[in-house]
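The values are calculated or read from the model by the stated rules, or taken from the named source; none is laboratory data. Quick caveat: nothing in here was measured; it's all calculated off a predicted structure. We place every Cβ from the backbone using ideal geometry, glycine too, and count neighbours over all the protein chains shown.
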Amino acid sequence: MKMPISRRTALVGAAGLVTALAAPNLARAQEAKLRLGVLTPLTGAGAFDGPRMLKAMQAVATDINAAGGVMGRQIELVVEDSETNPEAAVRAARKLIDVDKVPVIMGTWASAVTTAVAPVCWESKTFLTTTSGADGITKLPHQGYLIRTQPNNYLQATKHADFIIRHGSKRVFILSIQAPFAAPTQQRLTEVLTPKGVTVTGSLIYDKDKTSYRSEVDEALKTSPDLLYLNGYAPDVGVLLRDLYRADYSGTKFTQSYALTEKSLQALPKPITEGVITVQPSADVNSPAYVAEVKRLGIAAPDGYESQATDWISIVCLTIAQAGQPSGTALRDNVRKITNSDGAVVYTAVDGLAALKAGKTIKYSGASGPCVFTPIGDIIDCKFRFNQVTDGAFKLLEVA
Amino acid sequence: MAASLADVPQLLLNGIMSGAVLAIPAIGLTAIYAVLRFPNFAVASHATVGAFAGYLANVSMGWTLVPAALVAFLAAGVVGVASDWVVLRPLRPAGLITATIASVALTIALENLVRLGFGNALRDYNLPIFRDWRFGGLRVGPQQLEDLAIAVTAVVVLFGFLRFTRLGKAMRAVADNPMLAGIKGIDAGLIAVLVNFIAMGLAGLGGMLIGLDTSIDPLTGFRVLLAVFAAAVVGGLGSIPGAVVGALAVGVAEELSLLVLPPDLRTMVGFVAILLVLTLRPRGLLGARAY
């Protein structure tokens, strides 16, 4: 039996053929998405910060896409888990670079992970943004393919010294655990304090794992300090605080927030922690960028890590728009045109993208701080949060 | 500014106090060596076990210092016997090295079990903290004196046990000459259980005493392992009075080193002490007789 091809059938067939031929174009439109790599710790020691950093980046990406994307292209985050493990992180970075062909990897957290991933990135001309604090990271031969938003030891010591001067202390003794940061921190503190009339009455580096620091405490107290800078970790700072209480020391005690955490505050006897001042890097809580972040994330107080993640993706998207092309080298060559420029200050990626479209020069100022980078990729300034233990709980002194 | 000669009395006092606390686990290490002839590095984790057992008694049950310290002793002693029975006893016939390495593995395993149960956070006993007493330019903490009293009591009781009881004499006999002791009908297996109980119990007590002065976490015992080993070697590995003398010597030497060394090199004193003793007097200060 003969099946005549009706005009209608022919039309339907032709339409189908046209659609089929057009399919690659549709696929190309999908490909036109701008892929950005994310490598945060989702498991392991960084599992508390990593997922929150990822969420902060996703929130910014959603905002940017809703406002039309970057150079008309929607952005897509390709997410891998660093497992807070250098070996797993290197494998994930290779996948992001070789398979997904991302121009940037955002989010390495642990210094050991960043140290392992950074060479993979700079060798394949991929940009890397990180929150690792070890001084050595920006001193790697990264050829400009790395920026970090976390303050290094040098900046931390500078800010601590500024606080000590504001606090009105006149005689400071520095007790440090034997660690790579001990000597550089002592040196920087002394450099800042001495010209301002604050005497560093002495310093010593103590051995970790001692059951008592009585003799060290005696040595420090002999110099009659009115502030003790305790640069150690939780176990030894706990012992030091006990021995200081026993020795009747009544001056100020100053330490890093990781050496006297919320948990150790609950464990240690109240009298020995009373009045201790702790410090930690902080988000720039008064910045419009931070206010926008609070609204975007819908949480009351995003911390430094969420704020740094907000800034990475904002800086990366703005730089790509500025450069006009999404490559690691373009990011390297143009990032400071966004962060270190004296253009119109913008606080969100969406505002910045609109300003760039209008042909303006912009300066992105972030939620974690002003985001101005040195030639080797360190930030030159950020905020710090100073807390004081009052009646067994932390009370905010200032964010400065 | 380093310590000066005027500080010597205070340094001596600090050294004796820290030495007295170190002596307790050092006796444990040396006692096991005397009877079973291998250095059992699992004293480190047993010190941690004792510290946490004492913590549970003190904080969860609300017991005071002395009963909590007894719990620390008993719990570490029981764990010591059990872990030796399961892990080390079957390996001892394979020789000194095997048993020693197994004891290192055992200490890591036990430490991680504690970590599994309690986490890594620092914990603290529920005991009041006092200002130091000062007299004649010296200062000493009431807690230190309590530690000292507990340490001295433990040593006196142990010496009484070894000197006057049948079991104590049997232990010394096995330490002195296992074959002769066997011929006389002393059960070496029973003595092994006993020495493990006492030695690991003492390690646990020592762990708690260390924790009283600091905070406790799963690494509490491991942190002092080197000093404990140095004390036992300096006194003469296998000699119980030697462990006391060695601990006091290492404690005092570590403090006096501050006269000439920066504080971050204090740990070196333990190594140097081991090196000197092994080079100049390998039997240790008091020789190798158990008692």
In segment A:95-111, what count of residues is obtained for those that are free of Cβ contacts under 8 Å to residues at least 60 places away in the same chain and under 22 Å from A:Ala47 (Cβ atoms)? 3
Do any helices (runs of 4 or more DSSP H) lying entirely in segment B:203-288 carry at least 2 residues that are more than 13 Å from every other protein chain (Cβ to nearest Cβ) and within 29 Å of B:Ala53 (Cα to Cα), and which ones are they? B:220-235, B:240-256
Just one of (1) at pLDDT 95 or above; (2) under 23 Å from A:Ile379 (Cβ atoms) trips up A:Ser111, so point out which. (1)
Qualifying residues in segment B:238-256 (those that are surrounded by fewer than 24 Cβ atoms within 10 Å (Cβ to Cβ) and not small (Gly, Ala, Ser)) - the one nearest to B:Thr30 (Cα to Cα): B:Pro241
Whichever residue in segment B:60-83 is β-branched (Val, Ile, Thr) and surrounded by 17 or more Cβ atoms within 10 Å (Cβ to Cβ) and, among such residues, is nearest to B:Ala44 (Cα to Cα): B:Val79
Segment A:154-205, subset in contact with a strand residue (DSSP E or B) (Cβ under 8 Å, 6 or more places away or on another chain) and among the basic types (Lys, Arg), residue surrounded by the fewest Cβ atoms within 10 Å (Cβ to Cβ): A:Lys170
By residue number, the members of segment A:211-256 that are over 28 Å from the mean Cα position of the chain (by Cα), more than 7 Å from chain B (Cβ to nearest Cβ) and of a type in the set (Asp, Glu) are A:Asp226, A:Asp243
Going through segment A:347-380 in order, the residues found to be assigned to a loop (DSSP other than H, G, I, E, B) and among the aliphatic types (A, V, I, L, M) are A:Ala358, A:Ala367, A:Val372, A:Ile376, A:Ile380
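Residue-by-condition table, conditions (1) hydroxyl-bearing (Ser, Thr, Tyr); (2) within 17 Å of the chain's Cα centre (by Cα); (3) over 24 Å from A:Thr339 (Cα atoms):
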{"site": "A:Val90", "(1), (2), (3)": "no, no, yes"}
{"site": "A:Lys95", "(1), (2), (3)": "no, no, yes"}
{"site": "A:Asp98", "(1), (2), (3)": "no, no, yes"}
{"site": "A:Trp109", "(1), (2), (3)": "no, yes, no"}
{"site": "A:Ala118", "(1), (2), (3)": "no, yes, no"}
{"site": "A:Cys121", "(1), (2), (3)": "no, no, no"}
{"site": "A:Ser124", "(1), (2), (3)": "yes, no, no"}
{"site": "A:Phe127", "(1), (2), (3)": "no, yes, no"}
{"site": "A:Asp135", "(1), (2), (3)": "no, yes, no"}
From the list B:Leu29, B:Leu36, B:Leu22, pick out the single residue that is within 14 Å of chain A (Cβ to nearest Cβ) and at negative phi. B:Leu22
Over segment A:144-169, the set of residues more than 20 Å from A:Leu96 (Cα to Cα) and part of a loop (DSSP other than H, G, I, E, B) is A:Thr149, A:Gln150, A:Pro151, A:Asn152, A:Gly168, A:Ser169
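Listed here are the residues, each with its yes/no results for (1) modelled with pLDDT of 95 or more; (2) crowded, with 24+ Cβ neighbours inside 10 Å.
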residue	(1), (2)
B:Ala188	no, no
B:Asn196	yes, yes
B:Met208	yes, yes
B:Asp213	no, no
B:Ala230	no, yes
B:Gly235	no, yes
Conditions: (1) at the interface with another protein chain (Cβ under 7 Å from one of its Cβ atoms); (2) in contact with a strand residue (DSSP E or B) (Cβ under 8 Å, 6 or more places away or on another chain); (3) under 22 Å from B:Leu22 (Cα atoms); (4) surrounded by fewer than 22 Cβ atoms within 10 Å (Cβ to Cβ). A:Lys208 meets all but one. Number of the miss? (1)
In this structure, does B:Pro263 turn out to be surrounded by 18 or more Cβ atoms within 10 Å (Cβ to Cβ) and in contact with an Asp or Glu (Cβ under 7 Å, 6 or more places away or on another chain)? yes
In the set A:Ser264, A:Ser282, the lone residue that is within 24 Å of A:Trp109 (Cα to Cα) and within 14 Å of another protein chain (Cβ to nearest Cβ) is A:Ser264
Looking only at residues that are within 11 Å of chain A (Cβ to nearest Cβ) and modelled with pLDDT of 90 or more in segment B:112-126, which one is surrounded by the fewest Cβ atoms within 10 Å (Cβ to Cβ)? B:Asn126
Does A:Ala301 qualify as being within 14 Å of another protein chain (Cβ to nearest Cβ) and either touching a Ser or Thr at 6+ places or on another chain (Cβ under 8 Å) or over 23 Å from A:Ile380 (Cβ atoms) (or both)? no
